[in-house]
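A quick write-up on the structure given underneath.
No value in this document is a laboratory result; all are computed from the given coordinates. All of these numbers come straight from a predicted model, not from anything done at the bench. Reconstructed Cβ throughout: ideal geometry from the backbone, glycine too, with neighbour counts over all protein chains shown.
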Amino acid sequence: MGKELNFREREVLRIIVEIYTEEGKLSNSFSVAGRLPFRMSPSAVRQVMASLETKGYLSLSTRKGRFPTNLALKIYINNLIRVKPWRQVEGKFQMKTSEDMNLMIKEAAALLSEESQNLSLLVSPSIFYVPFSHVSFIRVQENTFLLLLRSLKGLIITKTIRIDRDYTQNKLDEISNILEKFKGRTLREVMDFIEEGIYRGSRSLKEIIRKMRELVGEGDLYVEGESLIFERLRGNLEKIKGILKIFEEKKEVLKFLNKLELGGKIEVVWGEQIPFPYGKDCVFLLYPYLPKGVMAVFGPKNMSYSKSLAALDNLGGYLRSVIY
């Protein structure tokens, strides 16, 4: 927590950020004093606000009110926020049961956008990092086969793989049978066993797994809620087009996400950290819910952080429980 801030400063700053992010309004001493959980006169609030402005947490608007700086938003998200409970009334948080992981991820992305009222992104966990109970290969045509993986939790993940060398179905079945020895492991672990010489395997197995690693090393990106950009940035057509263009280039977004060193908690990325045009005034809330699996909320800096963080935390925990 910001060591420079005493208790009264922290509470005043929290109220100002919430007025700005939840309602899009500037704050004055009277509006803040009326929302504090303890009694404090408007004149005393004014003194605290002046101190916060001196310390770089507030800026004064020409419209006679104060709004939080980037520094204030960061302190708020990391230390001051009181996350609202997940709005889980009976029957609300029910995803359609599906064995197809990709369909489930797409549905989760739509739910995250609905709950946060912002654009949502979900990167499905790489097939290489999901512990499996069964793996099979189905020859589709020359040089092309379908990879079908069933996770330990019963989810089905499919990928179409194209390689330079053709394999008969009998050869693919032989490789599938070898992988049955590694039930409960991940394809990444199988690859490590081969590279480290712990398991020699066959030339065909090595070739197919290496090709799979090259082609499906990362997950797929799902984006939902583009229509909400129009509502949040009403009237600024140039900015709307610019932001939507960011997410048309899914490879570039994936590249950006993969470069970030995300720990096991929600991270905040904004301003100059976002390398896309028209993204400087926006914010990413990123949550690595699984190895190589990321979920995110993207929107303007004055989004409802409490609502978005609650959705990320709860939905991320749900996905982790049904996938891994």
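Each peptide among 121-128, 310-317, 160-167 gets the average number of other Cβ atoms lying within 10 Å of its residues, and from highest to lowest they stand as 121-128, 310-317, 160-167. For the chain, the longest principal axis of the C-alpha atoms and the axis of helix 237-248 are separated by about 30°. Its relative contact order, with pairs defined as Cα atoms under 8 Å and 6+ residues apart, puts the stretch 127-215 at 30 percent. Rounded to the nearest 20 debye, the dipole size of the stretch 7-80 about its Cα centre is 160 debye, using +1 on the Cβ of Lys and Arg and -1 on the Cβ of Asp and Glu. Dipole size of the stretch 127-215 about its Cα centre, with +1 on Lys/Arg Cβ and -1 on Asp/Glu Cβ: approximately 180 debye, rounded to the nearest 20.
Candidates Ile194, Ile157, Leu147 compared by Cα position along the dipole of the stretch 127-215: farthest toward the positive end lies Ile157, with charges placed on Cβ. Can you grab the distance from the C-alpha centre of the stretch 94-152 to the C-alpha centre of the stretch 259-285, Å, no decimals? Answer, in whole Å: 25. Computed extension gain for Leu146 through Arg185, at 0.36 nm per residue and net of the alpha carbon distance, reaches 12.0 nm. Over the residues of the chain, the helix contribution to mean residue ellipticity at 222 nm works out to -13000 deg cm²/dmol, using -39500 (n - 2.57) for each DSSP H run of at least 4. A full extension of the chain between Glu195 and Phe30 corresponds to an added length of 52.7 nm, given 0.36 nm per residue minus the alpha carbon distance. Pairing the Cα long axis of helix 7-23 with the longest principal axis of the chain, what angle in degrees results, from 0 to 90 and rounded to the nearest 10? Result, in degrees: 70. Think of each Lys and Arg Cβ as +1 and each Asp and Glu Cβ as -1; about the Cα centre, that makes the dipole of the chain roughly 840 debye. With K and R counted +1 and D and E -1, the other residues having a Cβ less than 11 Å from that of Pro68 yield a net charge of +2. Packing around the peptides 63-71, 296-304, taken as the average count of other Cβ atoms within 10 Å per residue, puts them in this order, highest first: 296-304, 63-71.
Looking at the square roots a ≥ b ≥ c of the eigenvalues of the Cα gyration tensor of the stretch 7-80, which shape do they give, rounded for a/c under 1.5, prolate if a/b is larger than b/c, or oblate? Verdict is rounded for the stretch 7-80.
A straight chain from Gln47 to Ser227 at 0.36 nm per residue would run longer than the Cα-Cα distance by 60.6 nm.
Indicate the gyration tensor shape class of the stretch 127-215 (rounded, prolate or oblate), computed on the Cα atoms with a ≥ b ≥ c the square roots of the eigenvalues: a/c under 1.5 is rounded; otherwise a/b larger than b/c is prolate and the rest oblate. Oblate, since a/c reaches 1.5 and b/c is not below a/b.
Rounded to the nearest 10 degrees, the angle from helix 203-215 to the longest Cα principal axis of the chain is 20 degrees. State the label only: which of [x] 1.23; [y] 0.96; [z] 1.30 corresponds to Cα Rg over 2.2 N^0.38 Å computed from the shown model? The listed entry that was calculated here is [x]. Each part reduced to its alpha carbon centroid, the stretch 291-324 and the stretch 8-75 end up 27 Å apart.
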